[in-house]
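First comes the structure, then the notes that go with it.
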Amino acid sequence: MYETFFGFHDRPFQLTPDPRFWFDTATHKKAMAYLGYGLAQGEGFIVITGDIGAGKTTLVGHLMDKIDPANLKVIKIVSTAIEADDLLRIVATGLGIDHAGKNKAELLLLIERGLHGVARTGRRTLLIIDESQALPTSALEELRMLSNFQAGGHALVQIFLLGQPEFRERLNGSARLEQLRQRVIAVHHLDPMEADEVADYVGHRLQIAGWTGRPNFTEDAFPVLYRASEGVPRRLNQLMSRVLLHAAVGEIELIDARVVRAVVNDQRREMPPVAAQPAPVAPERPAAANTNHEEAEPAPAAPTPTPVSAIDDERLAMLEARIAEQDAALRRVLTLLIDWVERDELRDVPVRGAA
């Protein structure tokens, strides 16, 4: 809805990764440099890690936009705990190989022939595995075996592994992955963007979506956006979408820190943070024997536990209050929408006597 109000021809902050909106933060520029270096080497593994929402999938999309298909055949796999045999079948499918009824040995032979076939066309094969942290060790071992295929002293396949931070920890800490680790030629971790990059990131995406100056932003809005999103691109996109919706509903043309804080507070009410679990209570140690026959100090009295019914009543009251707040907010939004639609309809009614 806000796209129409502000005159955008596209959604500037959609959550679905779109390489058209690629923005060179310092950490993403460094990641692209590592990927370019890896492509120039033409062998081994390159590992890119990042937290959820850091932009790994967008990075892959941007890379694929830059790749010349006349030089590289790309096979992209999004891993969901794929076992070794299934991984080989997916690779075979990417090479156009019929793998029905084939055992593992036959699959490996067919894949090697397929890679040789690609090489004969003057191209190399690039295998990109997203969400690599979900791969079992057996599947990672099969990838290492694929990286051994050569022709004329040159690797037939190169592999990019993208995953969450735990994948890098697993790679560094597993003895079973030592041989794969020795084939890794570059590793980079995608950090959140810096505070001074947020304004440029927001402006970049708005301009691609057709921004003409509406809405405008004050400088104090961007530090609030940074703190609330912690510089994570997906969180920032989610927050900016809500900010623009809030501005459109309220017909706000200037977004400042106050507007952003109002949206952040709304989000916190809708999805409050999960309460931290209490730390486990250590078992009590037995009292030491009093060898001096002195009178032992009395143990402090245990606090009186709160009755369960009182806790339940308190939680119920909090939930009822939260529901009432959300209901009131929803009614305000619906009223604004109805007024907006009615104003549009009145504009379209022809005036009697008009030319």
*Yes/no for Ala221 being surrounded by 15 or more Cβ atoms within 10 Å (Cβ to Cβ), farther than 30 Å from Thr121 by Cα and free of Cβ contacts under 8 Å to residues at least 24 places away in the same chain*: no
*Would you be able to say whether some residue in region 147-167 is aromatic (Phe, Trp, Tyr), assigned by TED's automatic domain parsing to the domain that holds Val60 and not in a strand (DSSP E or B)?*
yes
*Check whether at least one residue in region 50-62 is of a type in the set (Ser, Thr, Tyr) and touching a residue at least 60 places away in the same chain (Cβ under 8 Å), and report yes or no.*
yes
*When Lys66 is evaluated against the numbered criteria (1) modelled with pLDDT under 90; (2) basic (Lys, Arg); (3) within 19 Å of Arg235 (Cα to Cα), which criterion, by number, is the only one it fails?*
(3)
*Scan region 171-219 for residues that are under 26 Å from the mean Cα position of the chain (by Cα), in the same structural domain as Val243 (by TED's automatic domain parsing) and among the basic types (Lys, Arg) and jot them down.*
Arg205
*Which condition number does Pro136 fail, the rest of (1) more than 20 Å from Pro165 (Cα to Cα); (2) surrounded by fewer than 17 Cβ atoms within 10 Å (Cβ to Cβ) being met?*
(1)
*Looking at Thr49, is it within 17 Å of Asp200 (Cβ to Cβ), surrounded by 15 or more Cβ atoms within 10 Å (Cβ to Cβ) and among the hydroxyl-bearing types (Ser, Thr, Tyr)?*
no
*May I ask you to verify whether Gly96 is in contact with a helix residue (DSSP H, G or I) (Cβ under 9 Å, 6 or more places away or on another chain), of a type in the set (Gly, Ala, Ser) and assigned to a helix (DSSP H, G or I)?*
no
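The values are calculated or read from the model by the stated rules, or taken from the named source; none is laboratory data. Since we're looking at a predicted model, the values are computed, not measured. Every residue, glycine among them, receives a Cβ derived from its backbone with ideal geometry; neighbour counts consider all protein chains shown.
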